[in-house]
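The values are calculated or read from the model by the stated rules, or taken from the named source; none is laboratory data. Bear in mind that the values here come from a model prediction, so they are computed numbers and not experimental data. When we count neighbours, we look across all protein chains shown, and the Cβ atoms used for this are built from the backbone with ideal geometry, even at glycine. Just the protein is used for accessible areas: all its heavy atoms, side chains included, with ligands, DNA and RNA removed. Shrake-Rupley method; radii C 1.70, N 1.55, O 1.52, S 1.80 Å.
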Amino acid sequence: MAGANTSYLTDADAPAFALNYGELVKLSKALIESKFGTAKPELLAEDFEFRFPVVELNKARFVEAFASFKLDEAFPDMTNAYYGFRLDPFVPGRIWFDTQGKGTHTGKFGGPFSYVSPTQKEVVLPPQALSFTFTEEGLLKSFTGGYVIDRRMGSTGGLGGVFGIMHAIGYTLPFPEAQPFSLSTRYRVLMSLDEAARKVYSLSAGYSELPKKIYDASLNTKESVLQSASSYYTSTKDSIVQTASGYYTTALQAASGETLVNTTTEMCSSAKDKVVEATTSCKEKAVVSFSFAKDRVVVAISVAQEKALEAVSGVKGKALEVVSDARAKVVDSATGVYTNTKEKVVERTAGVYASASHLSSSMYSNKLETAQQMYSSVLQSIKHFFPTMSGGGTAASQ
């Protein structure tokens, strides 16, 4: 409601900051192009904060988590439109903008959603508001987003961020924060009471028409006037009282919660019986399954043990056969080598002995012949120098 205290602010009313509007828009686009800084962590301040409606992360966790999702691989044809860049009129260095997008899930996610196979579903994102808050050095200090502006738009059930994408492809996450919006029972009851009160009030408005009807009737005779007024008053009163009584009873029951309590009690009782029945059934099935699984495990262990023993026994027998065979081959080979070597040694020894004997005999004969020749030569020399020795031993004595 406009009044004397109403103001209409523009970018010119934003608080003074080291970076102007154009520079902040340029930095914002650079961050978007670098996958919100996860491809270039140096664009993020050390005390960076990621704050969406549910999830809050610091710099290290944000870079790790955002990169692991691999949204660009899960939605190769995803188109995102960013528009409406505007300065925050109260927070210095903060710039707001909006986004919408759509794409088809034809690829695989990474990280915690890697189990999800491509669904071929088209995802239409509703308009969402985001904001960047920068330091005076141009580093991103805070990133907020995921706030849906119009939840009637898109195919995410009014959810923003990753929660909306998972819901749109049929993999809604199992906690309340990731569920589409729905009216509470308490709110619906209050709206019903309000509607009943409005109907009662509209009926009671008939009393305001009574003076006019009486005045119109007074133009006739006094009796006609009194009769008409009395008849109209009585019928109107009875109708109003009857109708008001019915609506009052309905409103009172709704207000007291009797109908709601009874219905809720019946639903809770039925749900309780079903839960107990399902729990009992699950428990029995679990016991049977566990017993069956246990028996199968015992049998499998026994069979595995027997097979292991058979395998070990077989391996042992084969090993002994191989060792025995190898031993026999070694003995045979060694015996053959020994015999062959022995024969060759004996043969070579005999040859060497024969050669040595022949050489010794030859050398002995040569030496003997040489000695005899030397003896003859010496004897001839003696005879030549001492001719008298040829006569015998007497001359030699003299």
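Classify the range 74-146: rounded, prolate or oblate, from the alpha-carbon gyration tensor (a ≥ b ≥ c, eigenvalue square roots; a/c under 1.5 rounded; otherwise prolate if a/b is larger than b/c)? The shape class here is prolate.
Fully extending the segment from E177 to L190, taken as 0.36 nm per residue of separation minus the present Cα-Cα distance, adds 2.3 nm. A simple spin-label model places pseudo-atoms 7 Å from Cα toward Cβ; at T234 and D332 they are separated by 13.7 nm. Since only F69, L87, V54 are under comparison, the one whose Cα sits farthest along the positive direction of the charge dipole of the range 52-91, derived from C-beta charges on Lys, Arg, Asp and Glu, is L87.
Other residues within the sphere of radius under 14 Å centred on the Cβ of N80, judged by their own Cβ, net out at -1 (K and R +1, D and E -1). Split the accessible area of the range 124-188 by element, probe 1.4 Å, and carbon with sulfur accounts for 55%.
Under a 5 Å amide H cut-off, with hydrogens placed 1.01 Å from N, F48 pairs with K59 among residues at least 5 apart or on other chains. 3J(HN,Hα) couplings calculated from phi for the range 60-66 with the Karplus curve 6.51 cos²θ - 1.76 cosθ + 1.60 (θ = phi - 60°) are, in sequence order, 4, 5, 5, 4, 5, 5, 4 Hz; Gly and Pro show x. Placing +1 on the Cβ of every Lys and Arg and -1 on the Cβ of every Asp and Glu, with no other charges, gives the range 52-101 a dipole of roughly 220 debye about its Cα centre.
Using a simple spin-label model with pseudo-atoms 7 Å out from Cα toward Cβ, Y8 and E122 lie 3.8 nm apart. Below 13 angstrom from the Cβ of F181, what's the summed charge of the other residues (Lys, Arg +1; Asp, Glu -1)? Net charge around F181: 0. Cross-link pairs exceeding 22 Å in C-alpha to C-alpha distance, out of K108/K141; K29/K108; K26/K141; K26/K108; K29/K70; K35/K141, comprise K108/K141; K29/K108; K26/K108. Summing charges over all other residues whose Cβ lies under 11 Å from the Cβ of Q128, with Lys and Arg as +1 and Asp and Glu as -1, gives -1. Once the Cα-Cα distance is subtracted from the 0.36 nm per residue extended length, the Y83 to E23 segment shows a gain of 20.0 nm.
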